[in-house]
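As structure tokens, the structure follows; a few thoughts come after it.
The values are calculated or read from the model by the stated rules, or taken from the named source; none is laboratory data. Quantities reported herein were computed from a predicted structural model and do not represent experimental measurements. Counting neighbours? That spans all protein chains shown, and the Cβs are built from the backbone with ideal geometry, glycine included.
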Amino acid sequence: MTSGRRLAWIHGGGVVLCSALVSAVVTGFGNILAADTVAAQVPAMFVPTLDGGGKGPFTVKNSAMVDVAIIDPTPRQVLYEVLTVLPTVVMIAVLLVALTALAHRTRHATPRSPAVLGRLRALAVLALVGGCLAEGVQIGAQYALTRSVVGELAFFRIGLEQFGWWLLVAFGLAACAEIAHRAARTQPAAI
């Protein structure tokens, strides 16, 4: 397979992925807005049937988070639920579009050119900063949604796994840029 055909396939695949993502987002948010309930997480101590006791050889910690359905949610609660998902979806879409544009750009430039490497590094920074900001917004929206149910006693947890995927993507893009940069330095005429 020639390099041009491979890049055309990557470009076409990016368009298909972006289209599928847009379809999923529209369908998903349409379902959220049309639903008569909103999903939220609340501490187990606020769920009457999970008061720390159990009928089996287990117990539920009062600090554990439990998924509940808010019946007849307010518009603000619906907005909070949308914001628990939307920022990551937007970041994924932005990165897919940017990677597709970068693949298209490499058709007209050397893949190891400073412009392509600079864009790849910029994508790494975008993934790191934008992804972590998206996670922060989602955590804040989840906290606001929980607080709208249980009031002032709401709390949330922040774990590394919430930011870990964005770190992985960012460092992966930065590593690709560094590998291409080193290859360009050692073999500037090759491609």
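Table for the structure above
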{"quantity": "Residue count, region 96-129 (criterion: among the aliphatic types (A, V, I, L, M), surrounded by 15 or more Cβ atoms within 10 Å (Cβ to Cβ) and modelled with pLDDT under 90)", "calculated": "9"}
{"quantity": "Some residue of region 64-75 being at pLDDT below 80, among the hydrophobic types (A, V, I, L, M, F, W, C), out of contact with any Phe, Trp or Tyr (no Cβ under 6 Å at 6 or more places or on another chain) and not in a strand (DSSP E or B)", "calculated": "yes"}
{"quantity": "Residue that is surrounded by the most Cβ atoms within 10 Å (Cβ to Cβ), among those in region 173-187 that are free of Cβ contacts under 8 Å to residues at least 40 places away in the same chain and either of a type outside the set (Lys, Arg) or closer than 16 Å to residue 99 by Cα (or both)", "calculated": "178"}
{"quantity": "Filter result for the condition that a residue is among the polar types (S, T, N, Q) and within 12 Å of the chain's Cα centre (by Cα), over 110, 106, 88, 146", "calculated": "88"}
